[in-house]
1. Can you name every residue in the range 45-100 that is surrounded by 10 or more Cβ atoms within 10 Å (Cβ to Cβ), assigned to a loop (DSSP other than H, G, I, E, B) and free of Cβ contacts under 8 Å to residues at least 24 places away in the same chain?
2. Inside the range 148-166, can you point out the residues that are aliphatic (A, V, I, L, M) and part of a loop (DSSP other than H, G, I, E, B)?
3. With the checklist (1) closer than 16 Å to residue 108 by Cβ; (2) surrounded by fewer than 19 Cβ atoms within 10 Å (Cβ to Cβ) in hand, flag the one item residue 188 doesn't pass.
4. Quick check on this structure: which one of 169, 145 is part of a strand (DSSP E or B), over 14 Å from residue 107 (Cα atoms) and not charged (D, E, K, R)?
5. Give me the residue from the range 101-132 that is surrounded by 12 or more Cβ atoms within 10 Å (Cβ to Cβ) and charged (D, E, K, R) and, out of that set, modelled with the lowest pLDDT.
6. State all residues of the range 172-188 that are in a strand (DSSP E or B) and within 15 Å of the chain's Cα centre (by Cα); if no residue qualifies, say none.
7. Across the range 65-76, what is the number of residues that are of a type in the set (A, V, I, L, M) and at pLDDT below 90?
Amino acid sequence: MSEITKQQVSDFLTENPDFLLQNPDLLAQLELQQHAQGATSLVHIQQRQLREHNTKLKAQIEQLIEQATENESIYRLFSQCHRQLWTNYDFKTLAANLRNIICTSPAISECHLVRYETKYDALIEHRLEETGTYLGRVSQQERDLLFAEQTQSTALYLIGNNQHPVAILAFGSLDANHFEPAKDSFFVLEFVRSLQLRLLELQLELA
């Protein structure tokens with residue numbers, strides 16, 4: 001195969017002016033010289049790509065910092081809640097103290113720890129039957145069971161299981177997007193597991 005000449009490359013690019021735009025990976029690898037008279041159009045394209053890339057990186061870094069800050073806040077909040085599990089010896093006091101702690105978060109307007117009652121059966125069946133956890137919006141009828149009218153998004157956690165429910169831990173937010181399915185719930189779920197053990201222990205102590 002004969003060697004491709006500069007003229008052939010030039011002719012090809014002239015006939016296919018969008019070739020480099022359609023192959024950005026190739027364009028990014030090119031080392032273009034900037035003449036004293038000014039930059040070539042390809043240099044401008046590379047500069048634009050670099051600016052766009054830097055903008056995306058900056059946005060990703062800001063998002064990571066924001067997420068890390070939120071995670072630290074959640075960790076501190078539920079560390080306080082964990083301590084309450086072993087300093088309260090009745091359900092009512094524990095529920096009140098958890099509410100006081102959780103509601104210090106600006107994003108959470110309500111926190112309820114309620115004992116299981118049959119009036120919650122439909123809510124459990126509809127929202128908590130599969131995983132015992134639900135984050136998102138609820139119907140007006142479901143909201144009226146636990147939350148104020150202005151609550152926009154909720155987080156529900158079943159204590160116990162479908163066959164033997166013990167309680168429901170519920171958080172409410174005025175922000176419609178605060179509680180949504182993709183939200184990281186690691187610290188909350190760890191607390192829910194500990195809460196379940198503690199409530200079962202309290203039941204045995206009262207038996």
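The values are calculated or read from the model by the stated rules, or taken from the named source; none is laboratory data. Fair warning: this is a prediction, and the values are worked out from it, not measured in the lab. Every residue, glycine among them, receives a Cβ derived from its backbone with ideal geometry; neighbour counts consider all protein chains shown.
1. 88
2. Result: 148, single match.
3. (2)
4. Of 169, 145, the one residue that is part of a strand (DSSP E or B), over 14 Å from residue 107 (Cα atoms) and not charged (D, E, K, R) is 169.
5. Residue satisfying both the conditions and the ranking: 129.
6. 173, the sole residue that qualifies.
7. Counting residues in the range 65-76 that are of a type in the set (A, V, I, L, M) and at pLDDT below 90 gives 2.
Let's see how each residue does on (1) surrounded by fewer than 20 Cβ atoms within 10 Å (Cβ to Cβ); (2) in contact (Cβ under 8 Å) with a residue 40 or more places away in the chain:
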residue	(1), (2)
135	yes, yes
156	no, no
159	no, yes
163	yes, no
169	no, yes
175	yes, yes
